[in-house]
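**Student:** The structure follows.
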Amino acid sequence: MPEIVYFNLNFDDFHPQVNPDFGGDPDRGAFRRLRHLLDEFPGLVITLFTVPNWQDQPRRGPRPWYLLKEFLGRPVVQPLTEEPYRLDRHPRWCAVVRDLSSQGRLEVAVHGYTHCNPSRYAHGQEFADADETEALWRLQSAEAIFREAGIPFIKAFRPPGWGVSGGTIQALKTLQYAVFSPFPSRLRISSVGTVEGMLIPPQNYSIVEEPQVALRLAAQRGVVFAKGHMVYRYGWERMENGITDRSWANLRQVLRLLHGNFTVRYMSLMQLAEMAAPPVHAHFGPGTGSPDD
């Protein structure tokens, strides 16, 4: 059993929307829960895959209707207009994120530009059809908003809806991204890999799972990379592992169990990238060679 366990906590879809709650209010809801977690566990770093200009609307009608629209080549969802969630239009939200980032407690990563693909039933897959030129434009547009908002971000990318094209991978390579995280939570990975020189980080615990799952992974692998979404439900759509009372309680129990049994080393994704370079495959703890089923 390893004495040291490496731990990372990361969430998708962070942006200023309040209803439903994607972390839009620093003093309430999901964002407040993250801040409480940071207060309770000194040294914890939370990686937030952030959408700088969220325009994705949920499906609200029957599933067949949206599938028919996709078949007929019509927009499945209409993007939000007037860019209500551009980060630079929410100065207080940005100020709180910027302050926590400067303290080394939050790490902001890139989760697309708008998180919207109107032509697909899986409408969150913004990059699923993008050629390299389109992907470059979207990534550079996202980076520009982060800079305008004064929010430091890392060169780490998780494709919205896990939809990714070859052109997107080439665009990430061109822009010298260090981390690429393309997999849904159900795929357990306890080792580090690479694609086109970009690190693929571990992910092996979903925040909706029982805390004992994380404890077992820590004992077996020495690595717990916990993954969740900011919101649980969006319209009729249910995210796979949003922040709820249950998942929140799981997280707190996980961290308490880990501290009670191991020496916990919190890790940001960029720290992981620095530790993993230059080897093609870097491992943390024993037996971390292959994905878990």
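Bear in mind these aren't lab numbers, they're just calculated from the coordinates by the rules spelled out. Everything numeric here is computed off the predicted structure, so don't read it as measured data. Here the Cβ positions follow ideal geometry from the backbone for every residue, glycine too, while neighbour counts run over all protein chains shown.
**Student:** State the percent of C-alpha pairs, over all pairs in region 32-79, separated by a distance greater than 16 angstrom.
**Tutor:** Every Cα pair in region 32-79 considered, those over 16 Å come to 62 percent.
**Student:** Among the lysines, which fall within straight-line cross-link reach of K227, defined as a Cα-Cα distance under 27 Å, with same-chain neighbours fewer than 8 residues apart omitted?
**Tutor:** K155, K173
**Student:** Limiting things to C-alpha atoms, what are the Rg and the maximum Cα-Cα separation (Dmax) for region 3-127, in angstroms?
**Tutor:** 17.0, 57
**Student:** If a/c stays under 1.5 just call it rounded; otherwise compare a/b with b/c (prolate if a/b is bigger, oblate if not). Do that for region 145-288, with a ≥ b ≥ c from the square roots of the Cα gyration tensor eigenvalues.
**Tutor:** oblate
**Student:** Of all GluC sites (Glu not before Pro) in region 141-240, which ones are in loop regions per DSSP and have a Cβ with at most 15 other Cβ atoms within 10 Å?
**Tutor:** Sparse-neighbourhood loop GluC sites (Glu not before Pro): E196, E240.
**Student:** Right, next: Any idea what Rg and Dmax come out to for region 66-169 if you just take the C-alpha atoms, in Å?
**Tutor:** Final numbers for Rg and Dmax: 15.3, 50 Å.
**Student:** Enumerate the amide H contacts of D131 below 5 Å, restricted to partners 5 or more residues apart or on another chain; note that Pro and chain-start residues carry no placed amide H.
**Tutor:** Under 5 Å from the amide H of D131: no residue qualifies.
**Student:** Here's another thing I want to ask about it. Apply the Karplus curve 6.51 cos²θ - 1.76 cosθ + 1.60, θ = phi - 60°, to the phi angles in region 221-227 and return the couplings in whole Hz, x for Gly and Pro.
**Tutor:** These are the phi-based 3J(HN,Hα) values: 10, x, 9, 10, 10, 8, 10 Hz.
**Student:** To continue, here is another question. Normalised radius of gyration for the chain, please: alpha carbon Rg relative to 2.2 N^0.38 Å, two decimal places.
**Tutor:** In units of the globular-protein estimate, the chain measures up at 0.97.
**Student:** So which trypsin sites (Lys or Arg not before Pro) in region 1-55 pass both tests, a DSSP loop state and at most 13 other Cβ atoms within 10 Å of the Cβ?
**Tutor:** Counting only loop positions with at most 13 other Cβ atoms within 10 Å, the trypsin sites (Lys or Arg not before Pro) in region 1-55 are R28.
**Student:** Taking every pair of Cα atoms in region 137-225, average 1/r, invert it to obtain the Kirkwood radius, and report Rg/Rh to two decimals.
**Tutor:** That ratio is 1.04, to two decimals.
**Student:** Add -39500 (n - 2.57) for each DSSP H run of 4 or more in the chain, then divide by its residues: what number comes out at 222 nm, to the nearest 500 deg cm²/dmol?
**Tutor:** Result for the chain: -10000 deg cm²/dmol, rounded to the nearest 500.
**Student:** I need the fraction of alpha carbon pairs in region 159-204 separated by more than 15 Å, rounded to a whole percent.
**Tutor:** 44 percent
**Student:** What fraction, in whole percent, of alpha-carbon pairs in region 192-257 exceed 16 Å separation?
**Tutor:** 52 percent
**Student:** With the dipole of the chain worked out from charges on the C-beta (+1 for Lys and Arg, -1 for Asp and Glu) around the Cα centre, which of G29, H111, A135 lies farthest toward the positive end?
**Tutor:** Looking along the dipole axis, the top candidate is G29.
**Student:** Right, next: What net charge is computed for the residues neighbouring G61, neighbours being all others with C-beta under 15 Å from the C-beta of G61, Lys and Arg scored +1, Asp and Glu -1?
**Tutor:** Once all neighbours under 15 Å are counted, the net charge is +3.
**Student:** On to the next question. Starting from a Cα-only point model with no solvent, please compute log10 I(q)/I(0) by Debye for region 116-176 at q = 0.15 1/Å.
**Tutor:** For region 116-176, the Cα-only Debye profile gives -0.44.
**Student:** Can you give the charge dipole size of the chain about its Cα centre, rounded to the nearest 20 debye, using +1 on the beta carbon of Lys and Arg and -1 on the beta carbon of Asp and Glu?
**Tutor:** Computed about the Cα centre, the dipole is about 520 debye.
**Student:** Would you mind counting up the charge near Q253? Only other residues with Cβ under 13 Å from its Cβ, with Lys and Arg at +1 and Asp and Glu at -1.
**Tutor:** My count for the surroundings of Q253 gives -1.
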